[in-house]
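Here the structure comes first, spelled out in structure tokens, and everything after it is commentary.
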Amino acid sequence: MSVMLLVVEQDENQMKYLPVIRKNTNLGFSEIKQRIENGSPIMECNLFKDDEDDIKLNKLINELISVGAKIRLFDGKLVESKEVSVEYLMNRFDRYKEIQSQNKMLDDLMYGED
């Protein structure tokens, strides 16, 4: 498992991102503004540890992109060499779902459906 860090780049449209971020992270507006200004992550997620957290991260990314936010994703550390694309993360989510589905099918074959 890896920790995914979501950073929102500061720009002049910051006000339209605040409600989206607040709704999905429960951070206060001042905390969100401070994190954006400092380039700190607005969300950290241990991938594939908790399905709810994965869903929240996925939802937040999609909502931020839909309102025009420029986001950056980092795998574990806030260094340029650890930056990953949104497509990379979405592919990891898709692959994880495929693996879960395959595991369920194997369990059903081996142990029978309940």
Q.
Using the Cα centre of the chain as origin and beta-carbon charges of +1 (Lys, Arg) and -1 (Asp, Glu), tell me which of I55, L109, S66 is placed farthest towards the positive end of the dipole.
A. S66
Q.
Just to confirm, what accessible area per residue do you get for the chain at 1.4 Å probe, in whole Å²?
A. 65
Q.
Between R95, R35, R72, where does the largest GNM mean-square fluctuation fall for the chain, given springs only between Cα atoms within less than 10 Å?
A. R95
(Q) Considering only protein heavy atoms and a probe of 1.4 Å, how much of the accessible area of the chain is carbon and sulfur, as a whole percent? (A) 48
Q) Straight-line reach from K59: which lysines have Cα under 17 Å away, leaving out those fewer than 8 places along the same chain? A) K16, K23, K49, K70, K97
Q: With springs connecting C-alpha atoms under 10 Å apart, model the chain as a Gaussian network and identify which of I32, I65, I99 has the largest mean-square fluctuation.
A: I99
Q.
Nothing charged except the Cβ atoms of Lys and Arg (+1) and of Asp and Glu (-1): what's the magnitude of the dipole of the range 64-103 about its Cα centre? Round to the nearest 20 debye.
A. 100
Q. So, with +1 on the Cβ of K and R and -1 on the Cβ of D and E, and no other charges, what is the size of the charge dipole of the range 31-114 about its Cα centre, to the nearest 20 debye?
A. 540
Q: May I ask for the net charge around E98, where only other residues with Cβ less than 13 Å from the Cβ of E98 are counted and Lys, Arg are +1 while Asp, Glu are -1?
A: +3
(Q) What does the C-alpha gyration tensor say about the overall shape of the range 62-102? Classify as rounded when a/c is under 1.5, otherwise prolate if a/b is larger than b/c, or oblate. (A) oblate
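The values are calculated or read from the model by the stated rules, or taken from the named source; none is laboratory data. Quick caveat: nothing in here was measured; it's all calculated off a predicted structure. As a convention, Cβ positions derive from the backbone with ideal geometry for all residues, glycine included, and neighbour counts pool all protein chains shown. In case anyone asks, the SASA skips ligands and DNA or RNA and just uses the protein heavy atoms, side chains included. Shrake-Rupley method; radii C 1.70, N 1.55, O 1.52, S 1.80 Å.
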